[in-house]
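Working notes, structure below.
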Amino acid sequence: MSFSLFFKPKHNYFLERIGKENDGGYLINSEAILKSDYLLSLGIFDDWSFEKNFNKYNKNAKIFCYDDIISFNFIFTRSIKKIILDLIKLKFKNIFKNLYTIVDYIFINNKIKFYKKKITTGDIHEIIKNLDKVFLKVDIEGSEYNILEDILKVQNKISALIIEFHNINKYRTVIENFIQRLELDLTHIHPNNYGKLDKNNDPIIIELSFEKHPKIIGGEVKLPNILDKKNNPKKNDIFIKFNDT
């Protein structure tokens, strides 16, 4: 089985990599960042590389991050456990990296606001009801399907959207319907190789980028994009097949 053309960008768009080289980095045009007054990130865990990069492009934008487990205690405990495990295994290269995560969380709080909260139906409208030009990033491990209607209801306030969809094999029709109803343009699709393949060898996790008034650069749409990187560098890459190929 292959993906329908609803999942394929209609044009070749100008894209840049924002965030890390691997998992946590996404392709979007930085102009979408500059046009935004806010970044609303749903789902952080222990990686705010995209948010830090966003802040470098647009220092005036306010950044709000929501996650049901994010806190200093979580970051501190998780990092210390990693350090102890590395010491036991005599793997020293990541020790400073994990120490830096603790320090970075402390100092980044003056630029990024973290809220420990699980996002559920109705929350998005309440959060952005007084906001406009919102860049929305969603990575909430399968709960994204609970807020798709909420996103559509406030889409006039959204300047760009990055969203990760899980369990594609179960919700492909739901995603197609969402793409059709969303007034932003689909600019990029990328399979996340942390997820397994379904019985048809299709990815079960994908990342989609959407923009309002994206920049078309012409030429044939080529996937993967030259800027794409494997989410998990230790696993084989995954490629998407479309109905027209």
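The values are calculated or read from the model by the stated rules, or taken from the named source; none is laboratory data. This one's a predicted model, so the numbers in the text were calculated from it and none came from an experiment. All Cβ positions, even for glycine, are placed from backbone atoms using ideal geometry, and neighbour counts span all protein chains on display. The protein model used for the area step is the full one, side chains on, heavy atoms only, and it has no ligands, DNA or RNA in it. Shrake-Rupley method; radii C 1.70, N 1.55, O 1.52, S 1.80 Å.
For the reader, a short list of remarks on this structure follows.
- Lysines with Cα under 17 Å of residue 82, excluding same-chain neighbours fewer than 8 positions away: 91, 93, 97
- For the chain, the solvent-accessible area works out to 53 Å² per residue, with a probe of 1.4 Å and every protein chain left in place.
- Among the listed values (i) 130; (ii) 165; (iii) 142, the one computed from these coordinates for volume of the Cα convex hull per residue in Å³ is (i).
- Placing dummy labels 7 Å off each Cα toward the beta-carbon, the span from residue 145 to residue 133 is 3.6 nm.
- The chain: relative contact order as a whole-number percent, Cα under 8 Å and 6+ apart: 28 percent
- What the Cβ-Cβ distance of residue 201 and residue 20 gives, at R0 = 30 Å and to the nearest 0.05, is a FRET efficiency of 0.65.
- 22 Å Cα-Cα reach of residue 241 towards lysines, excluding residues that sit fewer than 8 places from it in its own chain: 8, 10, 170, 196, 199, 222, 229, 230
- Of all accessible heavy-atom area on the chain, the percent that carbon and sulfur account for (1.4 Å): 53 percent
- Residue 174 - accessible surface, heavy atoms, 1.4 Å probe, Å² rounded to 10: 70 Å²
- A Förster radius of 35 Å, combined with the Cβ-Cβ distance separating residue 120 from residue 94, puts the computed FRET efficiency at roughly 0.50.
- Annotation: residue 190 carries an accessible surface of approximately 10 Å², with a 1.4 Å probe and no ligand, DNA or RNA atoms counted.
- Stretch gain in nm, segment residue 152-residue 223, where the contour uses 0.36 nm per residue and the Cα spacing is subtracted: 22.9 nm
- Computed with every protein chain present, the accessible area of residue 237 is close to 60 Å² [probe 1.4 Å].
- For the chain, share of DSSP beta bridges that run antiparallel, in % to the nearest 5: 45 percent
- Cα-projected label distance for residue 5 with residue 60, points at 7 Å along beta-carbon direction, nm: 4.1 nm
- Partners for residue 157 among lysines (Cα-Cα distance below 19 Å; same-chain residues under 8 apart left out): 35, 62, 129, 133, 137, 212
- Each stretch of four or more DSSP H residues adds -39500 (n - 2.57); spread over every residue of the chain, this sum gives -8500 deg cm²/dmol at 222 nm.
- Sparse-neighbour loop sites [GluC sites (Glu not before Pro); the range 182-241; at most 12 other C-beta within 10 Å; DSSP]: 183, 220
- Per-pair calculated FRET efficiency, R0 = 25 Å: residue 77 and residue 49 via Cβ, rounded to 0.05: 0.75
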